[in-house]
Amino acid sequence: MTDAAATMNPLAERYAEECLKLSAAAASHVRVLRDVAYGTDPRQRLDIFLPRRTDLRDLPVLLFMHGGAWTHGTKDWCGFMAPPIASLPAIFVSVGYRLIPAVAFPAPVLDCIAALRWIAEHIVEHGGSPHRLFVGGHSAGGQIAALMALRKDWLAQGGLQMDAIKGCFCLATTHNRRMINPAIAPDHVQPEPPDAIAADSPLAMATGATVPFFIAWGGRDDERLERTGRQMIAALTTTGCEVRSLVLPECDHFGVHLNTQHGDDAWVRQVCILMAADRSVQRTGARH
């Protein structure tokens, strides 16, 4: 058992083990560049999953953040998502970031912004388009994605154009307070009452949204995810921001993510539609 797994409940531990097993198996279906550094910390690494064909250009790119309640998790939990995304065709990137309490908020978000800048500067070398960048995440990773899409000042400080992100996909995410286990990081638990909107939450920043959002959750998940998801949808709709939503009634918090290994998964299908955006993929050279 890893140190991270030792801090998780049994369901979460089984989920983590399944993620690692599925991700190892999925690697044989795509081309993979592992542990690409975007910073100096060992956690500041990317896994880049590419279509098998090498003649594709101008591909959309999805940067995806793992969950783990801000305190644990790894980019290796998300590799199993790559094959159905790569078959669009598109590029799937799973990102590692520093964790609380080793760092304080918003360091994990700023790490992912740094990763996105690396992608914007280098992804053309791998057939991707720096103008077709999408972000997404599961659980805490979804809140990171939302903050990346909403905090245009953080994007600018990170060296990115404020319109760099073309879509944000939040899967099983709370859009309000960070759900940090007080036994792991007592100094990082937000003091507000559970129903109060935290000032640094996506809900508090939704009025400035311009990036299209896709918000999804499972019907058997924690009630906070549905409640804050519906609040976020309402807030985005009020601002005139494009927002789509999906409820997967039979899924719990972990199943909703594990199901994304399948190309016919409803969340995967919608993400592929949004990323395709009626653009033709440019091809060069012969078929491989």
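Among the conditions (1) modelled with pLDDT of 95 or more; (2) farther than 24 Å from L133 by Cα; (3) part of a loop (DSSP other than H, G, I, E, B), M8 misses just one, which is (1).
Within the stretch 76-115, being aliphatic (A, V, I, L, M), in a helix (DSSP H, G or I), in contact with a helix residue (DSSP H, G or I) (Cβ under 7 Å, 6 or more places away or on another chain) and over 18 Å from C19 (Cα atoms) holds for V109, L110, I113. Restricting attention to the stretch 192-211, the residues that are closer than 20 Å to D153 by Cβ, open to solvent by 40 Å² or more (accessible area, probe 1.4 Å) and part of a loop (DSSP other than H, G, I, E, B) add up to 4.
If we scan the stretch 179-199, do we find a residue that is at pLDDT 95 or above, of a type in the set (S, T, N, Q) and touching a Lys or Arg at 6+ places or on another chain (Cβ under 9 Å)? Checking the stretch 179-199: not a single residue is at pLDDT 95 or above, of a type in the set (S, T, N, Q) and touching a Lys or Arg at 6+ places or on another chain (Cβ under 9 Å). Taking the residues in the stretch 81-116 that are open to solvent by 10 Å² or more (accessible area, probe 1.4 Å) and free of Cβ contacts under 8 Å to residues at least 60 places away in the same chain as candidates, determine which candidate is farthest from R151 (Cα to Cα). Filtering first and then ranking leaves A102. The residues of the stretch 39-61 that are touching an Asp or Glu at 6+ places or on another chain (Cβ under 8 Å) and either of a type in the set (K, R) or open to solvent by less than 10 Å² (accessible area, probe 1.4 Å) (or both), listed by number, are R43, R45, L46, D47. Could you tell me whether the stretch 62-71 includes any residue that is of a type outside the set (S, T, N, Q) and open to solvent by 20 Å² or more (accessible area, probe 1.4 Å)? There is at least one residue in the stretch 62-71 that is of a type outside the set (S, T, N, Q) and open to solvent by 20 Å² or more (accessible area, probe 1.4 Å).
The values are calculated or read from the model by the stated rules, or taken from the named source; none is laboratory data. The model shown is predicted, which means the values in this text are computed figures rather than measured ones. Glycine also receives a Cβ, built like all others from the backbone with ideal geometry; neighbour counts cover every protein chain displayed. Surface areas here come from the heavy atoms of the whole protein model, side chains and all, with no ligands, DNA or RNA. Shrake-Rupley method; radii C 1.70, N 1.55, O 1.52, S 1.80 Å.
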